[in-house]
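Readers should treat all values here as calculations from the given coordinates under stated rules, not as data from a laboratory. Keep in mind that this is a model prediction, so the values were computed, not measured. Heads up, the Cβs are rebuilt from the backbone with ideal geometry, glycines too, and the neighbour counts pull from every protein chain shown.
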Amino acid sequence: MSIASRKHWSGQNILQLQKAPATEPVSGTLSAQSDQRTVGTVTVDDPRIRCTDVNVYYGSTHAVKNISLDIGRNEIVAMIGPSGCGKSTFLRCLNRMNDTIDNCSVTGNIELDGQDINDNSIDVVPLRARVGMVFQKPNPFPKSIYENIAFGPRIHGLARDKAELEEIVITSLQKAGLWKEIKDCLDQPGTSLSGGQQQRLCIARAIAINPEVILMDEPCSALDPIATAVIEDLMNELCTDYSIVIVTHSMQQAARVSHRTAYFHLGNLIEVAKTEQIFTHPIHQLTSDYITGRIG
């Protein structure tokens, strides 16, 4: 389903759902020690990433609880839920960004193309090239636009010569929808671009090192509606080549861009299903309550 077609129902049906209860509601009570199973199907036939019983602890705090979830090839998965529900913490597990936090520990199994990413033999540098990250706030390097893109391919040895490096830079900027806007000013600082352009530059930087998965942690929260629309259209185009996982507080954005949506609450994955089902016929009462604004 295209973004254009999703826009029609994403607002209308969310409003309609506010007047109706969830289908076959499941109890909305979760104890602190709950091991409640997720409602919906967490697996896909051809996963790029497979997560099984993932737990995350910050010291003694159990932040993410027994989460199992597949990320399919060439799909966009949106993670939604109230602040502090564990969705960003779980997202950072997918390329071991939580390794940088001293008191953070992760258990369970996370496989990328069948390989356990937490195995002691795994080098996190190439892993993070395969599973790139785009952050909430655009963070271009204090370098030229060209060097922002060329830096990664150069250090990873992806180009044999200057011509190949230039081709990677141009192709990455084209995929990010930025080439026509900045092709005549590649020597200018990346920080000179507008907020929306900077975020697309960061997406181009992630693409340049040939990832398999792109993680996006609220990539549009600091952008205006026009820049947000451009990024959303870009995500729709990129999923033909990459798997994309996006954390967002905007239910309308999740409805517009994703194929499947996962709802998190208090560290638990409550429900996962095709996006249209989540926003029109959620099964779990907690999912319904969040979508209709009863909790948030």
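With K and R counted +1 and D and E -1, the other residues having a Cβ less than 11 Å from that of GLY267 yield a net charge of +2. Here's the list of aspartates and glutamates a cross-link from LYS274 could span, going by alpha-carbon distance under 15 Å and ignoring same-chain residues fewer than 8 apart: ASP45, ASP70, GLU75. Spin-label model, ASP116 to ASP224: label points 7 Å out along the Cα-to-beta-carbon direction sit 5.0 nm apart.
Could you give the length gained on full extension between GLU166 and ARG154, defined as 0.36 nm per residue of separation minus the Cα-Cα distance, in nm? Mind showing how you got there, number by number?
Values: separation 12, 0.36 × 12 = 4.32 nm, distance 1.07 nm.
Fully extending the segment from GLU166 to ARG154 adds 3.2 nm.
Using a cut-off of 13 Å between beta-carbons, work out the net charge of the residues near LYS137 (Lys and Arg +1, Asp and Glu -1, LYS137 not included).
On the way: positive: none; negative: ASP217, GLU218.
Local charge sum for LYS137: -2.
Projected onto its three principal axes, the C-alpha set of segment 185-296 covers 53, 27, 24 Å, listed from the longest axis down. Alpha-carbon geometry of segment 58-127: the Rg and the Dmax are 12.7, 37 Å, given in that order. Determine the shape class of segment 81-230: with a ≥ b ≥ c the square roots of the Cα gyration tensor eigenvalues, call it rounded for a/c under 1.5, and otherwise prolate if a/b is greater than b/c, oblate otherwise. Oblate.
Label zone (ARG73, point 7 Å along Cα-to-C-beta; backbone nitrogen cut-off 13 Å) within segment 235-275: 240-243. Per the Debye calculation on segment 206-266 with a single equal scatterer at every Cα and no solvent contribution, log₁₀ I(q)/I(0) for q = 0.16, 0.21, 0.26 Å⁻¹ amounts to -0.52, -0.88, -1.27. Taking max minus min of the alpha-carbon positions on each principal axis, segment 139-205 gives extents of 32, 22, 18 Å, largest first.
Tell me the net charge near GLU212. Cut-off is 10 Å between Cβ atoms, GLU212 excluded, with +1 for each Lys or Arg and -1 for each Asp or Glu. Before the final figure, lay out each step's value.
Details: positive: ARG48, ARG73, ARG130; negative: ASP113, ASP241.
Value of the local net charge: +1.
Between amide H atoms placed 1.01 Å from N, distances below 5 Å from VAL39 occur with GLU271, VAL272, all of them 5 or more places distant or on a separate chain.
Computed over the alpha-carbon pairs of segment 242-287, the distance histogram in 10 Å steps reads 26, 60, 13, 0 percent, short to long. With each label modelled as a point 7 angstrom along the Cα→C-beta vector, the LYS143-THR41 pair spans 4.4 nm. Cross-link pairs exceeding 22 Å in C-alpha to C-alpha distance, out of LYS162/LYS183; LYS143/LYS180; LYS137/LYS162, comprise LYS137/LYS162.
So, R0 is 35 Å and r is the distance between the beta-carbons of ILE295 and GLU181; what FRET efficiency does that work out to, to 0.05? All intermediate terms of the calculation are to be shown ahead of the outcome.
Numbers: r = 41 Å, r/R0 = 1.17.
It comes to 0.30.
Relative protection proxy for 118-130, 134-146, from highest mean packing down: 134-146, 118-130 (other beta-carbon atoms within 10 angstrom).
How much length is gained if the chain between ASP53 and ASP99 is pulled fully straight, taking 0.36 nm per residue apart and subtracting their Cα-Cα distance, in nm to one decimal?
Values: separation 46, 0.36 × 46 = 16.56 nm, distance 1.81 nm.
Using 0.36 nm per residue and subtracting the Cα-Cα distance, I get 14.7 nm.
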